[in-house]
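All remarks here apply to the structure that follows.
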Amino acid sequence: MRRRSAIAVLCLSSGVLWIVPGTVADCVPAPSGRPQSAPAKPLVLLDLASFLPRDGDVPGWSPKGGALVYRGEDLFTYIDGGADVYNEYGFRQVVVQDYEDSAQRTLTLEVFEMTDAAAAFGIFTFKTSPRGTEAALGDGGRLEDYYLNFWKGSALVTVTGFDESPESVGGVRRIAEAVDRRIPLRGEKPPFAAAFPPDWAGRGGLKYLRGPLGLRNLHPVFARQTVRFREAVAGWPADGRLAVVLRGQTELETKTAFSDAQKGFSSNPAFSGYQAGEGRFEAQDSRGHFIQARLLDGCLALLVGNEELSGSEGIWERLRGAFSRKPRPAL
Amino acid sequence: MPKKIGRREFMARGVRAGLATVLANDFLATVRGGLWAAPAADAPDIAVATGGDYGAAAFRAVEAAGGMARFIKKGARVALLPNVQSRHPGTYTNPEIFRAVIKMCREAGAGEVAALSLLTQQHWDGAGLARVAQDEGVAVKLIPAEEVEYKAVPVPGSAVFREAMVPNEFFNYDAYINLPITKDHIGTRFTGTLKNHMGLNSRASNRFFHKPNWKTDPADIEHLEVCIVDLNTIFKPALNVVDATEIITTNGPMGPGELVKPMKVIAGLDRVAIDAYCVTLLGLKPRDILSIQKASERKLGELDLKKVKVQEVRG
């Protein structure tokens with residue numbers, strides 16, 4: 001197990017950035033599939049504590065206890081069993097602070113610093129669902145029954161209430177708004193995610209993925225057979241139908257992923273009915289799920305359904321149009 | 001990377017492992033506090049109590065399963081194993097269920113009752129279980145991570161996981177009660193009675209469960225689930241009392257996630273049957289979860305709910 005090096009922190013420029021002696025490899029587990037031989041260089045971390053609302057910032061709510069910071073592999077101490085998906089997207093550090101009101105209701109604020117805005121956007125899409133309502137916070141936010149997530153630049157903010165009372169949910173909103181005002185960052189949705197047909201995001205929410213854990217959680221078929229990729233975007237074009245578009249770091253890597261997937265689905269005993277043609281294959285699993293795969297202009301697209309996928313040509317046309325229109329920026 | 005060991009250490013490990021075998025077999029086979037007798041003919045395999053008072057539901061579930069005295073003998077030293085992994089709603093064992101189980105152990109005449117945990121005081125404080133333990137006079141034994149705090153226990157007949165590292169403290173008790181919450185889990189899609197046993201294996205040893213490619217290689221993904229089953233073969237809870245009152249169905253195990261409220265407490269001995277029942281509360285089927293399927297194949301319990309006697313109680 002890699003151990004975090006002893007960390008001394010130096011505050012710079014009115015509390016916005018911290019420099020941590022050590023290396024990127026010391027502090028930030030590389031997301032799977034990413035180059036792991038980055039040259040050693042000082043890691044500049046955000047001063048997450050400066051994003052926390054202070055006493056008096058949010059009327060009625062005050063910090064309760066001190067803030068806790070977890071960096072690199074320390075995340076496993078905080079969320080043992082749940083840390084892997086953060087690492088898959090690219091995790092740097094998190095600060096956790098509780099707030100309390102006069103009725104002793106408690107809220108928990110977590111501000112995660114991810115490796116970049118795409119990672120923050122990705123974990124935001126992973127943690128949110130279409131059940132919630134849009135919240136105009138940061139670069140995108142969503143309020144669900146008792147908690148709220150928003151992303152802003154490389155930061156992901158989660159505020160959790162401990163019940164669904166109007167007082168708690170109101171506190172969740174106000175704490176989130178106060179954090180939003182304190183974060184001086186901006187980010188853009190990754191272009192690959194932006195290319196996905198927006199009207200398909202409604203059923204289950206658009207998901208931006210950076211590794212197999214995210215993929216496995218999208219659909220049980222990927223627990224039986226996975227596909228390698230560097231980034232992916234997914235959504236539901238119709239009830240019971242999931243579309244996933246993946247790509248490698250290069251076109252060659254995408255083609256290799258396709259041929260590996262062909263081998264995997266054709267030889268995996270959990271699948272049957274395997275058929276292949278030029279740049280395409282299809283199969284079904286023992287639970288009655290159907291999967292079709294096609295190479296589309298440097299991307300690998302997958303369509304998964306709970307019933308036969310006949311009549312899906314319209315979906316394929318939309319995907320072809322969305323991901324063939326213009327050159328995609330390099331990863 | 002595997003650590004190389006010299007002959008001297010190899011011999012020492014062998015002696016330790018042999019000793020552990022004796023201790024483990026002695027403890028596991030003749031545990032005094034747990035009741036291993038055949039259940040009464042009319043006892044259900046699992047009892048399910050539904051209701052908004054979760055402490056009362058725990059009492060009713062255990063009562064319907066035969067009563068705590070059926071599972072814990074008078075004077076037994078009992079260890080409790082709740083889940084305090086996170087403090088977000090629907091991610092940790094409800095404090096009132098924890099309290100109810102403590103009270104039932106005492107009413108059944110248990111001697112010492114304590115809670116064991118590999119996690120930290122912050123986890124116990126955050127989940128609200130530290131306060132209950134304090135109220136009820138129950139010690140919370142936080143097990144340090146150092147290797148010296150654990151005893152090597154061979155896993156006879158294991159598929160892949162050869163040796164568990166069980167807290168020394170565990171061997172100070174006659175019986176333990178498994179007290180998980182059932183919920184979503186990003187790695188295994190579901191966690192419940194079987195997976196909660198990772199709380200009785202050192203965190204360093206639990207890392208063996210995750211092979212380097214456990215997220216990408218189907219064989220390595222299966223390795224994780226098989227390890228969970230292997231681990232379960234060396235433990236026999238005196239009773240499982242499972243919190244399915246308010247549980248997350250997404251973003252597990254940490255949350256926050258979509259919260260559903262089945263308002264159920266499940267009690268029984270059959271870990272596989274209980275997990276098979278609980279997985280349906282998350283909209284999944286028992287065979288969707290590899291650890292349940294593998295545990296059934298290893299005869300740890302019954303996966304087919306049609307063959308399980310479930311007694312539902314309300315009120």
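Below are the figures for this structure:
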read-out: Pairs, first in contact (Cβ under 8 Å) with a residue 12 or more places away in the chain and under 15 Å from residue A:59 (Cα atoms) in region A:91-103, second of a type outside the set (S, T, N, Q) and in a loop (DSSP other than H, G, I, E, B), C-beta under 6 Å, six or more apart; value: A:101/A:60
read-out: Residue in region A:128-140 that is surrounded by fewer than 22 Cβ atoms within 10 Å (Cβ to Cβ), facing chain B (nearest Cβ under 9 Å) and within 17 Å of the chain's Cα centre (by Cα) present; value: yes
read-out: Sole residue being assigned to a strand (DSSP E or B), open to solvent by 10 Å² or more (accessible area, probe 1.4 Å) and either more than 14 Å from chain A (Cβ to nearest Cβ) or in contact with a Ser or Thr (Cβ under 8 Å, 6 or more places away or on another chain) (or both), chosen from B:103, B:141; value: B:141
read-out: Some residue of region A:146-156 being touching a Pro at 6+ places or on another chain (Cβ under 8 Å) and open to solvent by 10 Å² or more (accessible area, probe 1.4 Å); value: no
read-out: Odd one out for residue A:228 among (1) open to solvent by 20 Å² or more (accessible area, probe 1.4 Å); (2) in contact with a Lys or Arg (Cβ under 9 Å, 6 or more places away or on another chain); (3) in a loop (DSSP other than H, G, I, E, B); value: (2)
read-out: Answer from A:305, A:298 - the residue that is at pLDDT below 95, in contact with an Asp or Glu (Cβ under 7 Å, 6 or more places away or on another chain) and more than 14 Å from chain B (Cβ to nearest Cβ); value: A:298
read-out: Residue within region A:149-172 that is in contact (Cβ under 8 Å) with a residue 24 or more places away in the chain, assigned to a helix (DSSP H, G or I), away from chain B (no Cβ under 13 Å) and among the aromatic types (Phe, Trp, Tyr) present; value: no
read-out: Total residues in region A:233-269, condition within 14 Å of chain B (Cβ to nearest Cβ), surrounded by 15 or more Cβ atoms within 10 Å (Cβ to Cβ) and either of a type in the set (Ser, Thr, Tyr) or touching a helix residue (DSSP H, G or I) at 6+ places or on another chain (Cβ under 6 Å) (or both); value: 1
read-out: Residue pairs meeting the criteria (Cβ under 9 Å; at least 6 apart or on separate chains; first more than 18 Å from residue A:281 (Cα to Cα), in region A:245-257; second assigned to a helix (DSSP H, G or I) and among the hydrophobic types (A, V, I, L, M, F, W, C)); value: A:248/A:257
read-out: So residue B:272, is it aliphatic (A, V, I, L, M) and either open to solvent by 40 Å² or more (accessible area, probe 1.4 Å) or farther than 22 Å from residue B:48 by Cβ (or both); value: no
read-out: Of all residues making up region B:173-191, the number that are more than 13 Å from every other protein chain (Cβ to nearest Cβ) and outside any strand (DSSP E or B); value: 3
read-out: Residue match in region B:147-166 (condition: under 15 Å from the mean Cα position of the chain (by Cα), open to solvent by 20 Å² or more (accessible area, probe 1.4 Å) and either under 20 Å from residue B:226 (Cα atoms) or hydrophobic (A, V, I, L, M, F, W, C) (or both)); value: no
read-out: Test: residue in region A:206-214 that is outside any helix (DSSP H, G or I), open to solvent by 20 Å² or more (accessible area, probe 1.4 Å) and away from every other protein chain (no Cβ under 14 Å); value: yes
read-out: Residue ID - farthest from residue A:106 (Cα to Cα), chosen from residues in region B:113-126 that are more than 11 Å from chain A (Cβ to nearest Cβ) and surrounded by 18 or more Cβ atoms within 10 Å (Cβ to Cβ); value: B:113
read-out: In region B:234-249, residue modelled with the lowest pLDDT [restricted to those that are more than 12 Å from the chain's Cα centre (by Cα) and surrounded by fewer than 21 Cβ atoms within 10 Å (Cβ to Cβ)]; value: B:249
read-out: Total residues in region B:71-97, condition more than 14 Å from every other protein chain (Cβ to nearest Cβ) and open to solvent by 40 Å² or more (accessible area, probe 1.4 Å); value: 5
read-out: Cβ-Cβ under 9 Å pairs, at least 6 apart or on other chains, region B:98-112 side hydroxyl-bearing (Ser, Thr, Tyr), far side surrounded by fewer than 19 Cβ atoms within 10 Å (Cβ to Cβ); value: none
read-out: Any hit, region A:290-305, residues being open to solvent by 60 Å² or more (accessible area, probe 1.4 Å) and among the small types (Gly, Ala, Ser); value: no
read-out: Of the criteria (1) at pLDDT 50 or above; (2) of a type outside the set (Phe, Trp, Tyr); (3) under 29 Å from residue B:248 (Cβ atoms), which one residue A:1 fails; value: (1)
read-out: Evaluation of residue B:251 against (1) touching a Lys or Arg at 6+ places or on another chain (Cβ under 9 Å); (2) at negative phi (one fails), failing number; value: (2)
read-out: Residues of region A:280-289 satisfying the condition of being closer than 19 Å to residue A:244 by Cα and either at pLDDT 95 or above or open to solvent by 20 Å² or more (accessible area, probe 1.4 Å) (or both); value: A:280, A:281, A:282, A:283, A:284, A:288, A:289
read-out: Test for residue B:170: is it under 22 Å from residue B:228 (Cβ atoms), in contact with a strand residue (DSSP E or B) (Cβ under 8 Å, 6 or more places away or on another chain), outside any strand (DSSP E or B) and not basic (Lys, Arg); value: yes
read-out: Single residue of A:110, A:100, A:73, A:88 found to be within 14 Å of another protein chain (Cβ to nearest Cβ), within 28 Å of residue A:203 (Cβ to Cβ) and either over 12 Å from the mean Cα position of the chain (by Cα) or surrounded by fewer than 23 Cβ atoms within 10 Å (Cβ to Cβ) (or both); value: A:110
read-out: Residue in region B:29-41 that is most open to solvent (accessible area, probe 1.4 Å), counting only those that are over 21 Å from residue B:276 (Cα atoms) and modelled with pLDDT of 50 or more; value: B:41
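The values are calculated or read from the model by the stated rules, or taken from the named source; none is laboratory data. All of these numbers come straight from a predicted model, not from anything done at the bench. Here Cβ is always computed from backbone atoms with ideal geometry, including for glycine, and neighbour counts include all displayed protein chains. Remember, those area values only see protein heavy atoms, side chains included, never the ligands or the DNA or RNA. Shrake-Rupley method; radii C 1.70, N 1.55, O 1.52, S 1.80 Å.
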